[in-house]
1. Need at least 1 residues that are acidic (Asp, Glu) and loosely packed, with under 14 Cβ neighbours inside 10 Å per element, so show me which strands (runs of 3 or more DSSP E) inside segment 26-115 make the cut, counting only ones lying wholly within it.
2. Tell me whether segment 85-95 contains one or more residues that are within 15 Å of Met34 (Cβ to Cβ), out of contact with any Lys or Arg (no Cβ under 7 Å at 6 or more places or on another chain) and aliphatic (A, V, I, L, M).
3. Kindly list, by first and then second residue, each pair from a residue in segment 21-42 that is touching a residue at least 24 places away in the same chain (Cβ under 8 Å) to a residue that is open to solvent by less than 20 Å² (accessible area, probe 1.4 Å) and assigned to a helix (DSSP H, G or I), limited to pairs with Cβ atoms under 8 Å and residues at least 6 apart or on different chains.
4. Out of the residues in segment 1-17 that are loosely packed, with under 13 Cβ neighbours inside 10 Å and at pLDDT below 95, state the one that is farthest from Gly108 (Cα to Cα).
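The values are calculated or read from the model by the stated rules, or taken from the named source; none is laboratory data. What you are looking at is a predicted structure, and each value in this text was computed from that prediction instead of being measured. Glycine gets a Cβ as well: all are built from the backbone with ideal geometry, and neighbour counts include every protein chain shown. For the accessible areas, the whole protein counts, side chains as well, though only heavy atoms, and no ligand, DNA or RNA atoms are used. Shrake-Rupley method; radii C 1.70, N 1.55, O 1.52, S 1.80 Å.
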Amino acid sequence: QVQLVESGGGLVQAGGSLRLSCAASGSILDFAGMGWYRQAPGKQRVLVAAITRGGYTNYDDSVKGRFTNSRDNAKNTVYLQMNSLKPEDTAVYYCNTQPRATITWGQGTQVTVSS
């Protein structure tokens, strides 16, 4: 069973940047698509960024143009570069397969954006 460990979150001011990492204990090449999800307080977990095995990316409108999803298959790691952060980006961020999560969720990484 593949395990996922997210890291890189923190507290940042609006307009700042963070880079999240998600390390998988097994080969992510086994999965056609990987994605980043986020869950804000009191809200459902939603997919905000997706990347295929070949590197094709897609983004939710709320993060398009500000977030960049990438993957290093050799390191079994996916990344989320987040720029121009807004207070509404505050959430716990998780990675998993997409379009449907099939791996047991990791602990996530908290991102807090202050205004």
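1. Result: 67-72.
2. No, there is no match, as no residue in segment 85-95 is within 15 Å of Met34 (Cβ to Cβ), out of contact with any Lys or Arg (no Cβ under 7 Å at 6 or more places or on another chain) and aliphatic (A, V, I, L, M).
3. Met34/Ile28; Arg38/Asp89
4. Per the criteria, the residue is Gln1.
Residue by residue, here is whether (1) in contact with a strand residue (DSSP E or B) (Cβ under 6 Å, 6 or more places away or on another chain); (2) under 20 Å from Pro99 (Cβ atoms); (3) not aromatic (Phe, Trp, Tyr) holds:
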site: Leu11; (1), (2), (3): yes, no, yes
site: Ala14; (1), (2), (3): yes, no, yes
site: Phe31; (1), (2), (3): yes, yes, no
site: Asn58; (1), (2), (3): yes, yes, yes
